[in-house]
Amino acid sequence: MMPQLISLVIPVYNEGPHIEASMRTVQKILLEHDIRYQIVLVDDGSRDDTWLALTRLAEQLPGIKSIKLSRNFGKEAALCAGLENADGDACIVMDCDLQHPPELIPQMIQLWREGWDVVEGVKSDRGQESGVYKFGAKVFYRTFQKLSGFNLRGASDFKLMDRKAVDAWRTMKERDTFFRGMSAWVGFKRYAMPFVVAQRTEGASKWSPVKLGRLFISAISAFSSLPLQLVTLLGGLFFLGSLVLALQTLYMKLSGHAFDGFTTVILLQLIIGSSLMLSLGIIGTYLARIYDEVKGRPRYLISTQVESLHTEST
Ligand code: UDP
Ligand code: MG
């Protein structure tokens, strides 16, 4: 019987100078452990010579499938493209910068063979991240858990998924994806494997604060509609407050002090004005999401694709 095929799904964006070396490191580990593999590399519309490097890799090494997206769609979309084009009995999603240690791949596969459907890499140490970034991540995961009920603390996109988990994930049709949340949502037998985030040795992180902020909002709105209900709660609170104030105003009027209350009026204007805008913003976020989903545009577009002559390693 043929050994089971493992697909590595790797998004790549502007990593031209070092992608080849990284992939050779990964391949070496796979060969050493006699793993029958396929590596699906997705060029997320890089502006440097990444695509050239990916075609060269497909010419030189067996088991490489390189896919070029028509533009930069973002890591989430690149992951989708990779997973949808992977043929393995299990798929391992990882970054191309070796921050997800490839030495752990054999261990993940071992756990999968022992019967775990999803092996998740959980960051036991966030590596050399700045304090602000760590704090941001903490706020995000706390909020996410409160609102959605899924605990993603320490979660990463370093994951092995059995074919049935990948197929389950593929039935989720939303355009705007949040892989970490979605791969938790599908359930199955899960194993949390701690790992230490390696330092990025080559190139720089591709995440800007703006991109991270967008991911934050998109993830929360994809997994919880609680913010919308908070708007109602806010309305309720203001209604109670206004009852009290109405009584006070009437009392002032009746007792002949009607000119007082200038401060109250200004404060009320400010509070009501800002909370209305906040509420509209929250509603707008969901509206935008619905709009994006209704348009039904594809998550990504493929421009070209090359495969090694031997499409799988043997
Ligand atoms: N990436 C991508 N598209 C993007 C940004 C990043 O495909 O628009 C890839 C990138 O090449 C890498 C992975 O996503 O393989 C993680 O990116 P990065 O290392 O920059 O993020 P960090 O490790 O800082 O979270
Ligand atoms: Mg990285």
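Each peptide in 213-224, 184-195, 237-248, 64-75 was scored by the mean count of other Cβ atoms within 10 Å over its residues; highest first, the order is 64-75, 213-224, 184-195, 237-248.
Which FRET efficiency value, to the nearest 0.05, do you get for Leu52 and Arg113 by plugging their Cβ-Cβ distance into 1/(1 + (r/R0)^6) with R0 = 30 Å? E between Leu52 and Arg113, to the nearest 0.05, is 0.25. With the largest listed first and rounded to whole Å, the semi-axes of the equivalent ellipsoid of segment 118-236 from the Cα gyration tensor are 25, 21, 13.
Annotation for Ile29 and Tyr286: the two label points, set 7 Å from Cα along the Cα-Cβ direction, are 4.3 nm apart. Summarising the amide proton neighbourhood of Ile64: residues at separation of 5 or more, or on other chains, whose placed amide H is nearer than 5 Å comprise Ile39, Ser308. Shape summary: the chain maps onto an equivalent ellipsoid whose semi-axes, from the alpha-carbon gyration tensor, are 49, 19, 18 Å in decreasing order. Here the spin labels are modelled as points 7 Å beyond Cα on the Cα-Cβ line, and at Leu212 and Thr171 they lie 3.6 nm apart.
The simple spin-label model puts a point 7 Å past each Cα toward its Cβ; for Val139 and Ser242 those points are separated by 3.1 nm.
Give me the Kirkwood hydrodynamic radius of segment 202-314, using the inverse of the mean 1/r over all pairs of distinct Cα atoms, in Å to one decimal. Taking the inverse mean of 1/r over all distinct Cα pairs, segment 202-314 comes out at 19.6 Å. Within segment 44-87, whose backbone N sits under 16 Å from a point 7 Å along Cα→Cβ of Met2? Hits in segment 44-87 for Met2 at 16 Å: 62-65, 86-87. With a Förster radius of 30 Å applied to the beta-carbon distance between Ala198 and Asn151, the computed FRET efficiency rounds to 0.80.
Each reported figure results from applying straightforward, stated rules to the coordinates on display, with no laboratory input. Keep in mind that this is a model prediction, so the values were computed, not measured. Glycine gets a Cβ as well: all are built from the backbone with ideal geometry, and neighbour counts include every protein chain shown.
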